[in-house]
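Bear in mind that the values in this text are calculations on the coordinates, not laboratory data. Bear in mind the structure is a predicted one, so any value in this text is a computation, not a measurement. Cβ atoms come from the backbone with ideal geometry, glycine included; neighbour counts cover every protein chain shown.
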Amino acid sequence: MKRKFLFSFYETPQGKLLQFLEQKYLKRSITVGCKQLILQIGGLGWENNFIDCTLYQKYCIIDGKGNGCEDAVKICGQAYRLPIQSETVDLVILPHLLEFDINRFQTMREVERVLKPEGELIILNFNVLNIWVRLQFLWNIKMSESWRGYFISRFRIEDWLKLLNFEIRSTSEFTIDKIHTTPEQFKLGRYTFFSMAYAVRAVKRQYSLIPLTPVKLKSSRFVSASTGLESLTHRNRIKKHD
């Protein structure tokens with residue numbers, strides 16, 4: 001996970017604005033209880049700006065290089081091989097991780113594995129169509145050829161989430177001074193080219209199959225009223241005849 005570009009981008013004027021908007025978005029998006037398990041994959045270093053780790057004592061950060069807030073529980077591990085038991089996490093946050101992860105689809109599978117049914121997922125990614133982000137990335141490549149990124153379009157993220165049985169709750173776009181949130185999937189609009197980054201909030205759905213068993217027809221022990229009257233009349237006729 002080569003995320004040096006991310007930290008260098010946060011040092012630019014546009015990057016500082018993006019950092020402010022993202023911390024504002026994350027602060028209002030963490031709606032789970034303080035005793036529930038929250039997992040952030042990929043440390044940022046400014047987690048204290050959007051969460052109080054003294055209150056959320058089960059806030060864990062997994063990072064291969066140990067990046068992240070000192071007050072949080074930090075685990076050294078790989079994103080595509082999470083050292084966490086299946087279906088134990090209530091919320092997973094991926095802050096600009098998939099773009100710099102070669103095994104990003106395997107990471108998504110691991111996220112689906114560790115999340116509880118109805119658990120939530122928050123993904124932050126750069127906007128592929130933003131010119132400033134592209135120019136900044138090309139400049140960093142010129143400075144160091146080892147910095148490589150794999151920008152992912154928002155529509156591909158949606159396809160991955162559908163494939164893994166996630167339901168998208170809301171999508172957001174970060175422009176220079178505002179967060180535009182819609183309770184639906186992304187649509188091409190006026191903010192598509194101007195937003196520096198985007199966010200997707202989804203929930204894990206788990207559907208259980210109900211086995212179908214053949215229905216056995218049982219003979220009824222009751223006789224209809226009309227049938228009973230006919231048999232009774234027939235018996236009285238026989239007695240009179242006798």
Practice task
Using θ = phi - 60° and the Karplus relation 6.51 cos²θ - 1.76 cosθ + 1.60, list the HN-Hα couplings for region 15-22 in order, rounded to whole Hz, with x at every Gly or Pro.
Solution key: x, 5, 5, 5, 4, 5, 5, 5
Fill in the blank from the handout: Log entry: pair-distance distribution for region 6-53, C-alpha pairs binned every 10 Å from zero, whole % per bin is 23, 53, 20, 4
Practice task
Take the Cβ-Cβ distance between E167 and L138 as r, set R0 to 35 Å, and report the resulting FRET efficiency rounded to the nearest 0.05.
Solution key: 0.45
Practice task
In whole Hz, with x marking every Gly and Pro, tabulate ³J(HN,Hα) for region 167-176 from phi via Karplus 6.51 cos²θ - 1.76 cosθ + 1.60, θ = phi - 60°.
Solution key: 10, 6, 8, 7, 10, 9, 10, 9, 8, 5
Fill in the blank from the handout: Loop-resident trypsin sites (Lys or Arg not before Pro) in region 1-96 with no more than 12 other Cβ atoms inside 10 Å, DSSP not H/G/I/E/B, are K35, K65
Completion exercise
Final fewest-first order of V133, V114, V128 on the 10 Å Cβ neighbour count is V128, V114, V133
Practice task
Please list the equivalent ellipsoid semi-axes of region 1-102, computed as the square roots of five times the alpha-carbon gyration tensor eigenvalues, in descending order and whole angstrom.
Solution key: 21, 18, 11
Exercise for the section: Identify the GluC sites (Glu not before Pro) of region 154-185 meeting these criteria: DSSP loop state and at most 15 other C-beta atoms within 10 Å of the C-beta. Expected result: E184
Problem - Equivalent ellipsoid dimensions for region 4-204 as semi-axes, Å, which come from the Cα gyration tensor, largest first - result: 24, 19, 17
